[in-house]
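Enquirer: Got a structure for you, questions after.
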Amino acid sequence: MIPDDKVQEVRERAAILDVVAEYVNLRKSGANYLGLCPFHGEKTPSFNVNPGRAIFHCFGCGVGGNVFSFIMKMEGLTFPEAVKFLAKRVGVTIEERIPSAAEKQRIDERETLYRITELAMRFYRRILREDPAGETGRRYLDRRGVAETTAEAYQLGFAPDRWDSLTRFLERQRVPLEVAEKLGLVRQRESGGYYDLFRNRLLFTIADPYGKPVGFGGRVLDDTLPKYINSPESPIYHKSDILFGIDLAKQSMREKDAAIIVEGYFDHLALYQAGVRNAVATCGTALTTGHLKLLRRYAGMVYTLFDSDAAGKKATFRAMELFLEGGVPASVVELPAGDDPDSFLGKEGSAAFTERVAIARPIFDYYIRDILASSDTASVGGKVKVIDELVQQLKKIANPVERDLYLREIARLLGESERTLRQVLGGNRAPAAALQPSRGQTQRRTGTEDMLLALMGKYPEVSGKVDEYGVANLFSADLIPVAEAILRQIRIGGDVDWGLILEQVEVPEERNRLAALFVRDEHLEGISPLKMFDDLRRSREKEALRRIKDLKRELASTESGSSRYMEILGEINSLCNKKSQLQ
Ligand SMILES: [Zn+2]
């Protein structure tokens, strides 16, 4: 816990204008300062800083707050982290409590390790830039067309073809080699003394999101194997929490709200040189939930760009499971067989690449088609196996609307009924219905209505259809106001203000459910909205029919003339009405 008075001191000392100005180009405009919002891509500035009130607000994306909220969002920090981050800059010392001797030692050790990594980085960098021993490296970069500015941005270095270059350098710097050994940069010989890990390799500096070097990736420049050697895990480098290039990519990831995940250092570098800046690379480690957590700080959706060979596909599908479970929208960027980002950009240029990203297919879609193309669905046994495999993955999709959409798609592609697939999925109930909080006697909610709402917000033509068939015929009583509010906003033109619509929903659970539904809708991309609307309309019709049947059954066992009897009659009547209007 940071004491309140310290928090206040930091807030007062960290002038919002100075803090924001480090990230955003601001110009004065009346009492405010205006700039291009760092949180969403825009061409005309709608990001306002009010230095008097020490707040900011973006009229484009609605983000706002004080200096702490700005840093939290900008640097992907928690509140206490943001306070400490700013405290350091404005010279406020925050001592939460005195660390124990053991803790103190651990902190000191980490700082030493950071310092050694930084020293090593500068050493290797200097060799690549100007030392005769770096000639091979310079020639290689030249041949691959790597610009000097790029080499600088990546802090590229070169490890000479010797066993003791770094060892001797560190000794001269009076760095205790047994500490450097914890970074894996030097290793102890059995006969005593130390030797370098990296020899005759081009070095990529691996940095944390704030640009602090934590390790290296070394590539050979000839046919020696292994092609790549990476720094081992160390107290400052945890492979499952660091993605290569995140420090260079975070700003662009935030602007585009998307991240591109590639496999290797040179893939990343090729994209960077072509002006594609929102990429990170896994560099030999499988994607982990830690990586996903890191990405989500900066981007709402991800693109994978792995090799199109069997290993690349395997990596894509393994990543898919993480994305599905984490509810992260993901798509697959496909390049022509045999191409990697470097060769593709070299031949086709960055416009063609942007095009490829624009037509990237949702990862689950890619997966379905890959399974279907590589399996035998002509035989019953083959089909059963495919359905089983697809449904296993389908279960992992966190978003019920998305899950339902894919279920329909799989049914269509395999020529099976949706009902059959739902049964395989577990129970014959619509999956979305499982999430409904409570169903009152008059309310029966299904996934159909949710999907309709999501569709209305994204496609104005669907709203026109909803209007035509009547809101009251398509929605249950409690959702009618929501649907009407959407229609109203679309009628007056402009985008739907979802925040405002959610405010009108009184039940918190219902509000959260709808917020989850509305907050992302990439999965509705690339569908045929009017066809989808027709499917949904017919589902609503069938739902009405089913309800009528249930009611008729109840009616048969209800005392005629009782109040419940009249109630049922009334409901049947109105349902028949709705049903006929939906035809
Ligand atoms: Zn904004």
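Enquirer: Rounded to whole Hz and in sequence order, give me ³J(HN,Hα) for region 108-113 from the Karplus expression 6.51 cos²θ - 1.76 cosθ + 1.60, θ = phi - 60°, writing x for Gly and Pro.
Expert: Calculated HN-Hα couplings, in order: 4, 5, 4, 4, 4, 5 Hz.
Enquirer: What's the local net charge at Val384, with K and R +1, D and E -1, over the other residues with C-beta under 13 Å away?
Expert: Result for the neighbourhood of Val384: -2.
Enquirer: In what order do Ile490, Ile359 fall by count of nearby beta-carbon atoms within 10 Å, going from fewest to most?
Expert: Values: Ile490 19, Ile359 10.
Taking fewest neighbouring Cβ atoms as first place, the list is Ile359, Ile490.
Enquirer: For every other residue with a beta carbon closer than 11 angstrom to the beta carbon of Ile206, add +1 if it is Lys or Arg and -1 if Asp or Glu, then tell me the sum.
Expert: 0
Enquirer: Another question, then. Where in region 166-238 are there GluC sites (Glu not before Pro) that are in a DSSP coil and have at most 11 other Cβ atoms within 10 angstrom of their Cβ?
Expert: Glu190
Enquirer: Straight-line reach only, C-alpha to C-alpha below 26 angstrom: list the lysines that Lys314 could link to, leaving out same-chain residues fewer than 8 apart.
Expert: Lys227, Lys239, Lys293, Lys383, Lys385, Lys395, Lys396
Enquirer: Step through the residues of region 168-184 one at a time and calculate ³J(HN,Hα) from phi using the Karplus curve (6.51 cos²θ - 1.76 cosθ + 1.60, θ = phi - 60°), rounding each to whole Hz and writing x for Gly and Pro.
Expert: With the stated coefficients, region 168-184 comes to 5, 4, 5, 4, 4, 7, 6, 8, x, 5, 5, 7, 4, 5, 5, 8, x Hz.
Enquirer: What is the Å³ per residue value for the convex hull set by the Cα atoms of region 4-90?
Expert: Per residue, the Cα convex hull of region 4-90 comes to 87 Å³.
Enquirer: Straight-line reach from Lys212: which aspartates and glutamates have a Cα under 13 Å away, not including same-chain ones fewer than 8 places off?
Expert: Straight-line reach from Lys212, under 13 Å: Glu111, Glu118, Asp247.
Enquirer: If you don't mind, another one. Which of rounded, prolate, oblate describes region 225-350, given a ≥ b ≥ c as roots of the alpha-carbon gyration tensor eigenvalues and a/c under 1.5 marking rounded, otherwise prolate only if a/b is larger than b/c?
Expert: Because its axes are fairly even, with a/c under 1.5, region 225-350 counts as rounded.
Enquirer: Counting other Cβ atoms within 10 Å of each Cβ, which trypsin sites (Lys or Arg not before Pro) in region 57-139 have at most 13 and sit in a DSSP loop?
Expert: Values: sites: Lys73, Lys84, Lys88, Arg89, Arg97, Lys104, Arg106, Arg110, Arg115, Arg122, Arg125, Arg126, Arg129, Arg138, Arg139; in loops: Arg97.
Taking region 57-139 and a limit of 13 other Cβ atoms within 10 Å, the loop trypsin sites (Lys or Arg not before Pro) found are Arg97.
Enquirer: Let me ask something additional. Local charge sum around Arg143 (other residues, Cβ-Cβ under 13 Å, Lys/Arg +1, Asp/Glu -1)?
Expert: Details: positive: Arg138, Arg139, Arg144; negative: Glu135, Asp142, Asp222, Asp342.
After counting each charged neighbour, the total is -1.
Enquirer: Using modelled backbone amide H atoms (1.01 Å from N, in-plane), which distant-in-sequence or interchain residues come within less than 5 Å of Tyr303's amide H?
Expert: Sorted by chain and number, the residues that satisfy this are Ala259, Ile260, Ile261, Ser331.
Enquirer: Can you run phi through the Karplus equation (6.51, -1.76, 1.60; θ = phi - 60°) for region 236-242 and list ³J(HN,Hα) in whole Hz, with x for Gly and Pro?
Expert: 10, 10, 10, 4, 7, 10, 10
Enquirer: How large is the helix-only mean residue ellipticity at 222 nm for the chain, computed as the sum of -39500 (n - 2.57) over DSSP H runs with n ≥ 4, divided by its residue count, in deg cm²/dmol to the nearest 500?
Expert: Mean residue ellipticity at 222 nm (helix-derived): -16500 deg cm²/dmol.
Laboratory data are not the source of any read-out in this text; all were calculated from the coordinates shown. What you see is a predicted model, and the numbers here were worked out from it, not measured in a lab. With ideal geometry, Cβ positions are generated from the backbone for all residues, glycine too; neighbour counts draw on all protein chains shown.
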